[in-house]
1. Looking at segment 17-60, which of its residues are among the aliphatic types (A, V, I, L, M) and closer than 24 Å to Ser86 by Cα?
2. Within segment 1-26, count every residue that is surrounded by fewer than 18 Cβ atoms within 10 Å (Cβ to Cβ) and either touching a Cys at 6+ places or on another chain (Cβ under 6 Å) or hydrophobic (A, V, I, L, M, F, W, C) (or both).
3. Are any residues in segment 78-94 crowded, with 16+ Cβ neighbours inside 10 Å, in a loop (DSSP other than H, G, I, E, B) and not charged (D, E, K, R), and if so, which ones?
4. Looking at this structure, is Asp23 part of a loop (DSSP other than H, G, I, E, B), farther than 23 Å from Gln130 by Cβ, in contact (Cβ under 8 Å) with a residue 24 or more places away in the chain and in contact with a Lys or Arg (Cβ under 7 Å, 6 or more places away or on another chain)?
5. For Val65, are the conditions met, namely being assigned to a loop (DSSP other than H, G, I, E, B), among the β-branched types (Val, Ile, Thr), without any contact (Cβ under 8 Å) to a residue 60 or more places away in the chain and on the phi < 0 side of the Ramachandran plot?
6. Going by what's in this entry, would Tyr98 be described as assigned to a strand (DSSP E or B), at pLDDT 95 or above, closer than 22 Å to Ser7 by Cα and in contact with a Leu (Cβ under 9 Å, 6 or more places away or on another chain)?
Amino acid sequence: MQFMLSSSAFAPGQPIPRKYSCDGQDISPPLSWGEPPQNTRSLALIADDPDAPGGTFAHWVLYAVPSHSRALPEGVAKAEKLADASLHGKNSWGRLGYGGPCPPGGTHRYFFKLYALDSVLGLPAGASKQRLLEAMQGHIVGQAELMGTYSRD
C-alpha cells in the first residue's frame, strides 16, 4: 500500500460524520495510512479548514508520531504527550488536540495532511501549526492527504 491517508469514518471528499464535529462528540476520526517513504524518521499531522472566514483554521496539530505508526484511533486523547510519545501542538482555538469541524455557515472542506519527515523535529508540545510548518521545511520526504466536508444543520 502506498503512502495514502484514509479514514473508516468517511470517504475522500465526503461529509465528515457529525460525531467528529462540535455538534457531536468532538472526537478525532480514526485515520490510517500505508508505508511511508523509507527514510521516514517521524510523522506529523495537520488538519485544517481553508474555508474559515478569518483564513485557514487549524483543527489539529500532531507531531513526533513514530515512523512505524500506521494509524490513529478514533478519539485520540487531547493530552500534551501521547502514550507513543507523539506530541500535540495547539489548534487555532489555542487548545491541545483535535477540535472538530464547526463552521459558522455553509459547507467547509477539512484537509487532514500527514507528513513523512526525515527527522524527529525536537519541538516541545504545544507548538503552533506555523511553528511546525517552519520546523518541517527541508525535512518532508512524503505527504498524504484526506479531505472531508462538513456543514452544520
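1. Ile27, Leu31, Leu43, Ala44, Leu45, Ile46, Ala47, Ala58, listed by residue number.
2. Here the count works out to 6.
3. Leu82, Ser86, Gly89, Asn91, Ser92
4. yes
5. So Val65 does not fit the description; no.
6. Against the criterion (assigned to a strand (DSSP E or B), at pLDDT 95 or above, closer than 22 Å to Ser7 by Cα and in contact with a Leu (Cβ under 9 Å, 6 or more places away or on another chain)), Tyr98 does not qualify.
The values are calculated or read from the model by the stated rules, or taken from the named source; none is laboratory data. For clarity, every value in this text was computed on a predicted model and none was experimentally measured. As a convention, Cβ positions derive from the backbone with ideal geometry for all residues, glycine included, and neighbour counts pool all protein chains shown.
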